[in-house]
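Below is one structure, written out as structure tokens, with a few remarks after it.
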Amino acid sequence: MTKRAVENIKSVAIVLLLAVTVALGYYSGAFSGLLTRNNALGNTESVIPNYTASEAARPIAIVFTDDDGVRTAAQYDTALRDTLYERTRGTIGAAVAYAGSAETCDETEWREALVSSGVYYEYSDELPIAVICGWLGNTAPDLKAGGLTRRAALRFDNKTLYFSTDSGFTKYVTAQFGEKPSIPETAAVRVNFAFETDEKSPSPYTLLFGNSVFPRYAVQNPLSETNTGAVLTELGVPPGLQPSYSDSEGTQVYVTGAFSLSLSTGGAVAYRLFEEPTEYERLPLGDSVEIARRAVFVGDLAAGSARLYCVGAEYDGERTLVYFDYFVGGGRVYLNADHAATIELRGSTIVAKNIVFREFMPTTADPTALLPIKQSIAAASGEVQLAYAETGDGIAVPYWREVRL
């Protein structure tokens, strides 16, 4: 994400801040008792007192439907999606803060909510409801153990929050949600959910935008001789420390009494703590995500065409792993590495981090025409998402990728 000695330093700051960017002080998070897909993380209290949880991911798709049924939607238009998010997040945040008890609902009610006046958010990957809600506002008690979700909707007329979870559909009646968002009429976009045009669609909640031509992105390593030192300092290397050695491929390795850190010529950083804690308190997952976010988003600037989003977190009984990937133009970038960043924690201690620095700039030549998404989900017999693949010639090319959660 990322998306230039002052400009070059900014470039790196951009590379690793880009998801959290705009509103670092707006959200407070009360994360405890969160669930991963296979592990209950317990109802321990936060060990990060009085911190403000900042968003580590934003929705990749947003739909706003007004009282007349006119929809404004964005998925591949980053600027419009940002505008919709800024206009709607406070409304959903207020609804979260006043949410009542959890109730189950059926798919018919869920679909009615999607086509009614309200707001719909879709995330790229399944994340705990409480973590997402913590980025939006104070999480009400019943939302603290609400399972995993990728899709959420606020229906205005019945003041109800809906979530499509890993185990079905859940709703929370909310006492209030504040004022309805104000969206410019000129932003209206015609879009349907797949189930509105085909009840038997193999991916009923895919948004059927008309565009199927997407830009390519030029990809480069933004680290250079002029900015690497500043970045390494932010990553924990003492100022002025020289590399202990370089390997045959040019990777520089820094070794201190506490940790080692390597920096490859391709912009990959690998950090490992020598002495890991043997006794530690297991953190709520939301706390782990916030610690990882602070470790990954280097610098204090944010701009450009890419974003770095949290795409998952898991606890395996001994450690917590938090994953981040780059997103450009509504599509997730699949690097040659597993993820753009992986942070490993034991308790509140980061014991390892792997970060791949990349900068993405849109190109004006040779856009890629893909199969229309409705045909793509039919061919895949399931959901597809826009994705970008990093090629060896410094270009990221778009394609439809099957979703397997």
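Restrict the search to the range 184-276; then list the GluC sites (Glu not before Pro) that DSSP places in a loop and that have at most 10 other Cβ atoms within 10 Å of their Cβ. The partial results should precede the final answer.
Working: sites: 185, 196, 199, 225, 234, 249, 275; in loops: 199, 225, 249, 275.
In loop regions of the range 184-276 (DSSP not H, G, I, E or B), the sparsely surrounded GluC sites (Glu not before Pro) are 199, 225, 249, 275.
Ordered by residue, what ³J(HN,Hα) values in Hz, to whole numbers, does the range 77-88 give under the Karplus form 6.51 cos²θ - 1.76 cosθ + 1.60, where θ = phi - 60° and Gly and Pro are x?
The phi angles translate into 9, 4, 5, 5, 4, 4, 4, 4, 5, 4, 7, 10 Hz.
Just want the ordering: 289, 253, from fewest to most Cβ atoms lying within 10 Å of their own Cβ.
Details: 289 30, 253 15.
Placing the least packed residue first, the sequence is 253, 289.
List the trypsin sites (Lys or Arg not before Pro) in the range 310-405 that DSSP assigns to loop (not H, G, I, E or B) and whose Cβ has at most 15 other Cβ atoms within 10 Å. Which are they?
Values: sites: 319, 332, 346, 353, 358, 374, 401, 404; in loops: 319, 358, 404.
When the trypsin sites (Lys or Arg not before Pro) of the range 310-405 are filtered for loop state and at most 15 Cβ neighbours within 10 Å, 404 remain.
Just so you know, all these numbers are worked out from the coordinates, no wet-lab data involved. These numbers were taken from a predicted model, which means no experiment stands behind them. With ideal geometry, Cβ positions are generated from the backbone for all residues, glycine too; neighbour counts draw on all protein chains shown.
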